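Okay, structure first, notes after.
The values are calculated or read from the model by the stated rules, or taken from the named source; none is laboratory data. Note that the structure is a prediction, hence the values are computed from the model and not measured. Note that we place each Cβ from the backbone using ideal geometry, even for glycine, and neighbour counts take in every protein chain shown. Ligands, DNA and RNA are excluded from the accessible area calculation, which covers all protein heavy atoms including side chains. Shrake-Rupley method; radii C 1.70, N 1.55, O 1.52, S 1.80 Å.
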Amino acid sequence: MPLNLPALPAGLWRVMLGTTLVVSSYSLLNPVLAVRLQTAGASNLAVGLVAMLPFLSVALLVPVVSRVFDRVGVGRAYRIGLLLELLSCLGYLLTDDYRAWCALSLMAGMGAAAAWNATEGLIAHNVPATHRGRLTGLYQALLGAGMALGPFLPGLLGLTPTGANVLAAAGLALGLGITLAPSVSHLRAHHEDRPHVSLMAAWRFRPALAWAAVVGGVFEVGLSSVTTAHGSAVGLGLGAATSIAGVLGMGSFALQYPLGWLADHVPSRRLFAGGAALLALSGVAFTQATAWPPLLWLCAALWGGLGGALYTLSMIRVAHDFEDTSALAGTSAMIAGYTAGGALGPVVSGWFFDHAGVGGQGAWLALLGLSLLVLQRRRAAA
């Protein structure tokens with residue numbers, strides 16, 4: 001699977017690298033915050049709420065980001081988003097108040113809404129059709145590498161929670177600095193001479209893609225914090241507990257480029273259906289994690305790889321299906337679905353862990369995978 005990548009605008013590479021640093025920093029920070037809350041006596045539901053709020057913020061702001069891009073420009077909006085995320089990260093160093101942490105999580109989501117939509121829209125708009133699968137897969141693999149590395153750093157470097165927070169802030173500052181170059185300001189994410197497509201219209205146009213993004217969000221990013229907190233609750237130390245989130249990121253990293261390559265050669269409906277079936281099976285397997293704890297890490301690897309795969313496939317299809325209208329509208333619709341899943345995952349999972357244990361958590365994840373499989377089969381039949 002050679003890379004064979006096309007020539008791309010220099011500013012686009014800077015944005016991709018900047019966003020990778022953002023993801024790496026928050027993948028380091030979020031599990032540490034979850035452990036801090038758990039050791040302070042917070043419930044799994046309270047941990048899940050803090051993890052959910054950034055995704056809720058993104059989901060609420062997705063419908064308006066295109067207007068912000070039109071007003072201030074994609075490049076400037078992207079940098080403002082990174083600045084908000086940096087300020088949020090620094091805020092966790094200044095207070096342990098739970099209500100303040102909720103506010104900081106919402107601020108991080110505001111920044112992510114701008115940075116995330118800008119990055120995905122720029123990739124979909126600027127990459128040639130012949131290489132969309134591979135380039136999108138490569139970008140998602142970079143994000144997966146960042147997701148994998150961050151949670152392992154506390155154990156590898158012997159970091160305290162404060163040290164991990166400082167390192168995460170440094171990564172965010174570096175990402176912002178990389179994207180201050182003028183070439184980022186010259187990037188465009190939609191055709192200037194074509195009308196905008198609304199978010200609702202994009203959802204109605206491709207509802208199966210939107211649901212795949214929701215499911216991908218639950219599995220790839222909606223389970224990290226609560227599963228880490230569960231690992232801490234059953235006796236794992238900080239390094240071992242956060243390594244569960246690291247394995248989840250490793251799964252995402254390992255699968256994204258091969259999947260992107262396949263998406264350029266294999267019908268996407270087969271890939272969607274196969275991923276949904278495997279996720280349903282992973283939920284069944286997780287119900288046995290109490291009897292065999294290594295399943296915590298094995299299932300996390302599947303969740304990261306296959307959850308990320310669903311999102312990557314959705315973005316690849318958007319670049320094709322919305323090519324003649326607005327790639328930005330299509331990517332925004334997928335991001336809204338993915339963030340809805342990311343917001344739903346921690347809260348629902350926290351409730352199941354608190355009230356039904358590992359068995360209940362595995363059961364609801366299995367049903368979620370089956371729902372996507374059924375929808376994909378109906379779509380294929382239609």
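Based on what the data block shows, is Y92 surrounded by 24 or more Cβ atoms within 10 Å (Cβ to Cβ) and either under 22 Å from Y257 (Cβ atoms) or out of contact with any strand residue (DSSP E or B) (no Cβ under 6 Å at 6 or more places or on another chain) (or both)? Spelling it out, it is not the case that Y92 is surrounded by 24 or more Cβ atoms within 10 Å (Cβ to Cβ) and either under 22 Å from Y257 (Cβ atoms) or out of contact with any strand residue (DSSP E or B) (no Cβ under 6 Å at 6 or more places or on another chain) (or both). Taking the criterion of being surrounded by 13 or more Cβ atoms within 10 Å (Cβ to Cβ) and at pLDDT below 65, the residues of the range 179-197 that qualify are A189, H190, H191, H196, V197.
If you go through the range 26-59, how many residues are open to solvent by 30 Å² or more (accessible area, probe 1.4 Å), in a helix (DSSP H, G or I) and either among the β-branched types (V, I, T) or out of contact with any helix residue (DSSP H, G or I) (no Cβ under 8 Å at 6 or more places or on another chain) (or both)? Residues meeting the conditions: 1. Checked against (1) of a type in the set (G, A, S); (2) surrounded by fewer than 16 Cβ atoms within 10 Å (Cβ to Cβ); (3) within 20 Å of S224 (Cβ to Cβ), G171 meets all criteria but (2).
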